[in-house]
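The values are calculated or read from the model by the stated rules, or taken from the named source; none is laboratory data. Bear in mind the structure is a predicted one, so any value in this text is a computation, not a measurement. Positions of Cβ are backbone-derived with ideal geometry, glycine not excepted, and every protein chain shown enters the neighbour counts. For accessibility, only protein heavy atoms count, side chains too; no ligands or nucleic acids. Shrake-Rupley method; radii C 1.70, N 1.55, O 1.52, S 1.80 Å.
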Number of protein chains: 2
Amino acid sequence: MDKIPILRMGRFLLVTIQVDLYDRLALTLEADLIQAVQKHNARGVLIDISAVSIVDSFMGRIIGNIASMSKILDAETVVVGMQPAVAITLIELGLPLKGVHTALDMEKGMDLLRSMMDTTDNDEDEDAIADDFITE
Amino acid sequence: MDKIPILRMGRFLLVTIQVDLYDRLALTLEADLIQAVQKHNARGVLIDISAVSIVDSFMGRIIGNIASMSKILDAETVVVGMQPAVAITLIELGLPLKGVHTALDMEKGMDLLRSMMDTTDNDEDEDAIADDFITE
């Protein structure tokens, strides 16, 4: 199986990483995910890494890349289910996953994404109100 | 990685199958899933097999088992994302996946589960109304 499936749930995309991300698989995932964000007009990407017990700098970089690319397309990335050992390794490797939000589990991750969307939507509403005000 | 992660979303559980289900992995998945159904009081199990391109009688049986076990614990199982080739193979193998609901993708699967829950809940409501009626 040479592809990691991307599941769509409303305006969120969900990816579960269960296998070692070797080069080609990681690049395919990056490309597929960014295309899916654009195609489905997604606002959030959830990456579940609860099955990942060993992390290296390559995987850390891939996750960081996905987050940065999604951000440009206006989608936030949340990594969920990180095992304590993985968190320890990431910090020891000097990879604090900047720009990536994290949550303890899938449900908390979705809540986080929803709260971020609400904030953005409110901002937009405020802008809309401001616009109306100017028009008047 | 010797475990397939089970993700909880409200009262549904989600499993994405990305690797070949050999004996031990399949049995672990069965056991974990049934325990999760009981622990989280889940009403539905979604199994995404969009990454599965080859299916054999063993995998067909495992999915059937999970559905039957979940059913006893009052949870419905929906298999989503089946590739056309897999559907062809299953029928040719004589495995029509009885007792397993299917849906084209994750979103349709969740809609199906929700509609099944609504039906059950309505039945319960009707029972409740009937009880009220008797009480009066």
State the answer as a single residue: which of B:VAL100, B:THR77, B:LEU90 lies farthest towards the positive end of the charge dipole of region B:6-135, with beta carbon charges of +1 for Lys and Arg and -1 for Asp and Glu, about the Cα centre. B:LEU90
Under a Cβ-only charge scheme (Lys and Arg +1, Asp and Glu -1), can you give me the dipole magnitude of chain A about the Cα centre, in debye to the nearest 20? 820
Listed residue (A:LEU14, A:GLY44, A:THR119) projecting farthest to the positive dipole end of region A:1-130, Cβ model: A:LEU14
Burial of 30 Å² or greater, region A:85-115 residues [accessible area, probe 1.4 Å, versus chain by itself]: A:MET106, A:GLU107
For chain B, alpha-carbon Rg over 2.2 N^0.38 Å: 1.16
Other copies of A:VAL19: label-to-label distances in nm, shortest first, labels 7 Å along the beta-carbon direction: 1.0
Nm distances between the label at B:HIS40 and the same-position labels in the remaining copies, 7 Å along Cα→Cβ, shortest first? 1.8
Note the distances from B:SER53 to each other copy's matching label point, with points 7 Å along the Cα-to-beta-carbon direction, in nm, sorted shortest first. 2.9
Accessible area per residue of region A:1-101 at 1.4 Å probe, in Å²? 47
Using a 1.4 Å probe over the heavy atoms of the protein chains, calculate the carbon and sulfur portion of the accessible area of region A:1-65 as a whole percent. 49
Helix-derived [θ] at 222 nm for chain A: sum -39500 (n - 2.57) over DSSP H runs of at least 4, divide by residue count, nearest 500? -18000 deg cm²/dmol
For region A:27-96, alpha-carbon Rg relative to the globular expectation (2.2 N^0.38 Å, N residues): 1.13
Accessible area buried, both sides summed, chains A and B with 1.4 Å probe, Å²: 1900
Residues losing 50 Å² or more accessible surface upon assembly, region B:12-53, compared with the chain by itself, 1.4 Å: B:GLN18
Entries of A:LYS108/B:LYS71; A:LYS39/B:LYS71; B:LYS3/B:LYS98; A:LYS3/B:LYS98 with Cα pairs more than 32 Å apart: A:LYS39/B:LYS71
Could you compute how fast the protein assembly as shown diffuses translationally, taking Rh as the Kirkwood radius over C-alpha pairs and applying Stokes-Einstein at 10 °C with viscosity 1.306 mPa s? Give it in µm² per second. 78
